[in-house]
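A quick write-up on the structure given underneath.
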Amino acid sequence: MARSPSIVILTGAGISAESGLHTFRDKNGIWNRVRLEDVATPEAFAAHPARVQKFYNKRRAMLPSVQPNAAHHALARLEKTYDGLVTIITQNVDDLHERAGSDSVIHMHGELNKSLCAACGTSIPHKGDLSIDSECGHCGAIGRLRPDVVWFGEMPYQMDRIYELLRDCDLFISIGTSGNVYPAAQFVQEASHGGAHTLEINLEPSLGVSDFAETRHGKAGALLPLFVDEVLTGQYRF
Ligand code: OAD
């Protein structure tokens with residue numbers, strides 16, 4: 001029996017923008033207000049742990065006050081209803097895909113709602129602030145907990161699984177990401193080499209737009225519900 005075409009979806013900060021979370025590189029983006037070298041590298045954490053914890057505490061504290069938007073809900077509906085494999089690879093550290101109902105989500109840049117112990121390597125769910133005195137619930141080390149997010153210079157999570165998914169997929173969709181950060185920026189080429197159709201859905205053309213076979217530009221919250229309708233009714237062919 002022929003398998004149903006599989007879909008891999010890469011998401012970035014743009015998909016959460018309509019929920020009220022800041023992107024990184026737009027006019028009011030996070031990296032236009034804070035230097036990433038000050039908060040998003042292992043060196044920054046070693047030099048100024050309290051400053052780094054404060055930056056992520058603030059972002060974590062925002063999560064309960066924001067809600068998944070129409071784009072997150074559309075992807076959850078696609079996963080539940082589509083007759084084939086749908087996997088989301090997200091660069092986002094928020095929990096909005098899960099709260100919209102998506103189950104198959106890979107957080108390649110980690111999650112704000114998890115802590116990672118630098119002493120024992122244990123990652124566990126974590127709500128609330130982390131401080132330079134926080135104690136690891138697993139090994140008891142004090143002052144070694146950090147947010148379980150991937151910093152610049154560190155290896156993103158689950159890369160073997162991600163490359164396998166990209167090689168095997170039939171449709172690759174990139175949503176709300178500027179194409180500035182590797183390795184995610186190069187996933188389109190990987191999927192394309194594997195024979196997948198590739199689609200960019202973004203507010204504006206990304207840096208890698210010319211690598212995509214198809215593009216749709218506009219707000220994810222407006223475009224995705226319509227796109228998912230097209231897929232589920234069989235109007236969209238790939
Ligand atoms: P960026 O801020 O670089 O890009 C966000 C993209 O979303 C831009 O191209 C916007 O035009 C687009 N966008 C904004 N609002 C949108 C909307 N309503 N609908 C659709 N698109 C919209 O964010 P990312 O590409 O996700 O990594 O950034 C990648 C990584 O860089 C992040 O995961 C983070 C950051 O540094 C780490 O911290 C390791």
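The values are calculated or read from the model by the stated rules, or taken from the named source; none is laboratory data. The structure presented is a predicted model; accordingly, all values stated were derived computationally and were not measured. Heads up, the Cβs are rebuilt from the backbone with ideal geometry, glycines too, and the neighbour counts pull from every protein chain shown. Ligands, DNA and RNA are stripped out before the accessible areas are found, and what is left, the full protein with its side chains, is counted by its heavy atoms. Shrake-Rupley method; radii C 1.70, N 1.55, O 1.52, S 1.80 Å.
Structural remarks
- For the chain, calculated [θ]222 nm from helices alone, where every DSSP H run of n ≥ 4 adds -39500 (n - 2.57): -8500 deg cm²/dmol
- Per-peptide packing, taken as the mean over residues of other Cβ atoms within 10 Å, places 187-200, 36-49 in the sequence 187-200, 36-49 from highest down.
- Accessible surface of the chain [probe 1.4 Å, protein heavy atoms]: carbon and sulfur percent: 52 percent
- Looking at region 82-177, the trypsin sites (Lys or Arg not before Pro) that sit in a DSSP loop and have at most 15 other Cβ atoms within 10 Å of their own Cβ are LYS127.
- GluC sites (Glu not before Pro) within region 92-188, DSSP loop, no more than 14 other Cβ atoms inside 10 Å: GLU154
- Placing R0 at 35 angstrom, the Cβ-Cβ distance between PHE238 and PHE152 gives a FRET efficiency of 0.55 after rounding to 0.05.
- Cysteines without a disulfide-compatible neighbour (Cβ-Cβ under 4.7 Å), the chain: CYS169
- In region 169-238, Cα pairs under 8 Å separated by at least six residues give a relative contact order of 31 percent.
- Within the shell defined by Cβ-Cβ distances under 11 Å, the residues around ASN32 carry a net charge of +3, with Lys and Arg each +1 and Asp and Glu each -1.
- Scalar couplings 3J(HN,Hα) for region 26-35, obtained by applying the Karplus form with A = 6.51, B = -1.76, C = 1.60 to θ = phi - 60°, are 6, 3, 9, x, 4, 7, 8, 10, 10, 6 Hz; x denotes Gly and Pro.
- Averaged over its residues, the chain has an accessible area of 48 Å² per residue, based on protein heavy atoms and a 1.4 Å probe.
- Taking amide H as placed 1.01 Å from N in the peptide plane, the amide H of TYR236 sits under 5 Å from that of VAL231, each at least 5 places away or on another chain.
- When the surface is traced with a 1.4 Å probe over the full set of protein chains, CYS139 keeps roughly 70 Å² accessible.
- Flagged links, alpha-carbon separation over 23 Å, of LYS80/LYS114; LYS58/LYS127; LYS27/LYS58; LYS58/LYS219; LYS127/LYS219: LYS80/LYS114; LYS58/LYS219; LYS127/LYS219
- Ranking ILE88, GLY194, LEU63 by Cα position along the charge dipole of the chain, where only Lys, Arg, Asp and Glu carry charges on their C-beta atoms, puts LEU63 farthest toward the positive end.
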